[in-house]
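Everything below concerns the one structure shown next.
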Amino acid sequence: YAKQRGKNRVERYQARYDELLRRRGTLESELRHAIDREQLRLVFQPVVALPSMRPVGAEALLRWHHPTLGAVRPDEFIPVAEDSGLINRIGSWVLDNACKQLADWLAKGHDVWVSVNLSPKELHAADYAGQVADVLAEHGVPAQRLVLEVTEHAVATDMEELIGRLTELRGTGVRIALDDFGAGYSSLSHLRTLPVDILKIDRLLVAEPESRTGEAAPLVDVVVRLGHRLGLEVLAEGIGTPAQRVAVVEAGCRLGQGSLFGWGVPAEHLEAQLDGLRTGTRPAPQPRNEP
Ligand code: C2E
Ligand code: MG
Ligand code: MG
Ligand code: MG
């Protein structure tokens, strides 16, 4: 019996594995056409100043809507794009469209910056810094208005190489953010050695105070202080409740992002919010359809 049970388990595992492979294969072949078939778009999640909660920037987040597969989440398709080498083309599309949107907002007088997520493979592409400079010039966007977000997956690779790449990128005038800090393999020493401007605290750390009612958020507190000591701007990600906002503000953090301030929305929606700010009227209600 035990043998039979074991065999069933192996078969079930094999079936699951086959299914996973099929799904990846489908995603990869469909992703190849996603740009040409206009299935990709960007949404923008506001970044707010704290404690005022005034929007000062936005993170561009990629969305893929496929006619039969439906909405595929970036956590699923970005790894497929990375493994298949499609990420460079997709990343260029993202950068180009984010800068186009940023140029439009700046032309309309909005004082904002936009951040874009970078995969390690893009960072290591030949003359990536040159590409970035070209896109900025093409759209007439001042480099300081663009933030490029790198994660610690990138950090896990060759440090010297990475430092060189980031230094080159920064040479164009863009700012670099270290994304998802505190999740996974964070190393405090990276904060000192990496040429970054902004430290984004992962939402797992930000969510921490909720699990210990009444207490301050010791980890957020320490990371904010450390970031400031090193001369970095510190941004808390994934703020979802007023209690989390209070904890983050008490820790001294001056930038925030999360569902409490708004999910990623189409550019027009964020623009309505920015317009409302400028005219002093209340912003249009935001759709709550994410995630
Ligand atoms: P990320 O860069 O850390 O982006 C933040 C993610 O957290 C987004 O998920 C956002 O929708 C979600 N989020 C924001 N606020 C909250 C909150 O209050 N609570 C919760 N639970 N989640 C929140 P999304 O859009 O699904 O993106 C997932 C990841 O996919 C991103 O993580 C980023 O690493 C990657 N990604 C997204 N767009 C791009 C892109 O254009 N290029 C690359 N290379 N990666 C991208
Ligand atoms: Mg990010
Ligand atoms: Mg993040
Ligand atoms: Mg992430």
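The values are calculated or read from the model by the stated rules, or taken from the named source; none is laboratory data. Keep in mind that what you see is a predicted model, and the values were worked out from it rather than measured. FYI the Cβ positions are ideal-geometry reconstructions off the backbone, even for glycines, and counts take in every protein chain you see. The protein model used for the area step is the full one, side chains on, heavy atoms only, and it has no ligands, DNA or RNA in it. Shrake-Rupley method; radii C 1.70, N 1.55, O 1.52, S 1.80 Å.
Helices (runs of 4 or more DSSP H) fully within segment 60-151 that include at least 1 residues being of a type in the set (Ser, Thr, Tyr) and crowded, with 20+ Cβ neighbours inside 10 Å: 128-139. Out of curiosity, is Asp202 at positive phi and crowded, with 20+ Cβ neighbours inside 10 Å? Criteria not met by Asp202.
Among the residues of segment 169-186, what is the count of those that are away from ligand 4 (no atom under 16 Å from the Cβ) and surrounded by fewer than 17 Cβ atoms within 10 Å (Cβ to Cβ)? Write out each step before concluding.
Residues of segment 169-186 that are away from ligand 4 (no atom under 16 Å from the Cβ), as a first pass: 169-175.
This time we only want the ones that are surrounded by fewer than 17 Cβ atoms within 10 Å (Cβ to Cβ), so: 171, 173.
Residues meeting the conditions: 2.
When Met159 is tested against (1) within 16 Å of ligand 2 (Cβ to nearest atom); (2) surrounded by fewer than 16 Cβ atoms within 10 Å (Cβ to Cβ), just one condition goes unmet, and that condition is (1). Exactly one residue out of Arg37, Arg41, Arg32 is touching a residue at least 60 places away in the same chain (Cβ under 8 Å), within 25 Å of Gly264 (Cα to Cα) and open to solvent by 60 Å² or more (accessible area, probe 1.4 Å), and it is Arg41. Suppose the filter is at pLDDT 95 or above and at positive phi; does Gly140 pass it? Criteria met by Gly140.
Out of the residues in segment 228-271 that are at positive phi and crowded, with 18+ Cβ neighbours inside 10 Å, state the one that is nearest to ligand 3 (Cβ to nearest atom).
Looking only at segment 228-271, we keep the residues that are at positive phi, and these are 231, 238, 252, 258, 262.
Still in the running and crowded, with 18+ Cβ neighbours inside 10 Å: 238, 258, 262.
Working: Gly238: 8, Gly258: 10, Gly262: 15 Å.
So the residue we want is Gly238.
Checking the structure you have, find out if any residue of segment 43-52 is out of contact with any strand residue (DSSP E or B) (no Cβ under 7 Å at 6 or more places or on another chain), under 30 Å from Cys253 (Cβ atoms) and not acidic (Asp, Glu). Walk me through how you get there before you give the answer.
Of the residues in segment 43-52, the ones out of contact with any strand residue (DSSP E or B) (no Cβ under 7 Å at 6 or more places or on another chain) are 51-52.
Keeping just the survivors that are under 30 Å from Cys253 (Cβ atoms) gives 51-52.
From what is left, the residues that are not acidic (Asp, Glu) are 51-52.
Yes, because at least one residue in segment 43-52 is out of contact with any strand residue (DSSP E or B) (no Cβ under 7 Å at 6 or more places or on another chain), under 30 Å from Cys253 (Cβ atoms) and not acidic (Asp, Glu).
Taking the condition without any contact (Cβ under 8 Å) to a residue 12 or more places away in the chain and either open to solvent by less than 20 Å² (accessible area, probe 1.4 Å) or over 21 Å from Gly264 (Cα atoms) (or both), does Gly57 pass? Answer is no for this residue.
Taking residues in segment 247-270 that are more than 23 Å from Gly227 (Cβ to Cβ), and partners anywhere that are charged (D, E, K, R), the pairs with Cβ atoms closer than 7 Å and at least 6 places apart or on different chains are Trp263/Glu290; Gly264/Glu290. Close Cβ contacts (under 6 Å, 6 or more residues apart or on different chains) running from residues in segment 138-151 that are without any contact (Cβ under 8 Å) to a residue 40 or more places away in the chain and away from ligand 2 (no atom under 16 Å from the Cβ) to residues that are open to solvent by 10 Å² or more (accessible area, probe 1.4 Å) and among the polar types (S, T, N, Q) comprise Ala143/Thr172.
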